[in-house]
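Q: Shown below is the structure under consideration.
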Amino acid sequence: MSENENVRLIETIYAAFSSGDIQTILNNSTSNAQWINHGPATVPYMGDFSGRLTAFFRAIGETTTDAKVIPDKFVAQGDTVVALARYTATVRSTGARIDTPLAHIFTVQNGKVTSWIGFSDSAAVAAAHAGAAASASR
């Protein structure tokens, strides 16, 4: 696929995530995809979910509401797409709002995501999950 096609695939995945259409994400990712969300283990959807994408999305769905990724910029080179975006959600157990910048690194091969690595203000996300007074908005 061309770099533009790879970016369009990631745009499709983000739109699916924001509408709760996890099946579209799974259909456009390999079943054994590397899936790493950097951050503390206190956040249920941070850690290494390689080959366990369903568990990753289940953890997000069980612990947050209104989760969305709002893309801002894409940089593509070869089979790699880097996305700069914002992640917004509300933590179910605390009611805290998350609004944090993020960077995602995707690898796309043969029209499917084979790797996703996520970075965000994980301290703020963890604070929101803990119910700390600190804002998860930057």
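Q: Of all the residues that make up region 3-20, how many are assigned to a helix (DSSP H, G or I) and open to solvent by 20 Å² or more (accessible area, probe 1.4 Å)?
A: 10
Q: Looking at T42, is it loosely packed, with under 14 Cβ neighbours inside 10 Å and out of contact with any Gly (no Cβ under 7 Å at 6 or more places or on another chain)?
A: yes
Q: Of everything in region 21-31 that's open to solvent by 30 Å² or more (accessible area, probe 1.4 Å) and touching a residue at least 40 places away in the same chain (Cβ under 8 Å), which residue is nearest to T114 (Cα to Cα)? Don't jump to the end; show me each part of the working.
A: Filtering region 21-31 down to residues open to solvent by 30 Å² or more (accessible area, probe 1.4 Å) leaves 21-24, 26-28, 30-31.
Restricting the remaining residues to those that are touching a residue at least 40 places away in the same chain (Cβ under 8 Å) gives 28, 30.
Working: N28: 9, T30: 6 Å.
Once the filter is applied, the top-ranked residue is T30.
Q: Answer yes or no as to whether G47 is open to solvent by less than 40 Å² (accessible area, probe 1.4 Å), free of Cβ contacts under 8 Å to residues at least 40 places away in the same chain and on the phi > 0 side of the Ramachandran plot. Break it down into steps so the answer makes sense when it comes.
A: Details: open to solvent by less than 40 Å² (accessible area, probe 1.4 Å): yes; free of Cβ contacts under 8 Å to residues at least 40 places away in the same chain: yes; on the phi > 0 side of the Ramachandran plot: yes.
Judged against the criteria, G47 is a match.
Q: Here is a further query. State the number of residues belonging to region 97-118 that are among the hydrophobic types (A, V, I, L, M, F, W, C) and over 18 Å from F57 (Cβ atoms).
A: 3
Q: Would you call R92 open to solvent by 70 Å² or more (accessible area, probe 1.4 Å), within 20 Å of I10 (Cα to Cα) and either in contact with a Pro (Cβ under 9 Å, 6 or more places away or on another chain) or at pLDDT 95 or above (or both)?
A: no
The values are calculated or read from the model by the stated rules, or taken from the named source; none is laboratory data. Source: prediction; values computed, not measured. Methodologically, a virtual Cβ is constructed for each residue, glycine included, from the backbone with ideal geometry; neighbour enumeration extends over all protein chains shown. For the accessible areas, the whole protein counts, side chains as well, though only heavy atoms, and no ligand, DNA or RNA atoms are used. Shrake-Rupley method; radii C 1.70, N 1.55, O 1.52, S 1.80 Å.
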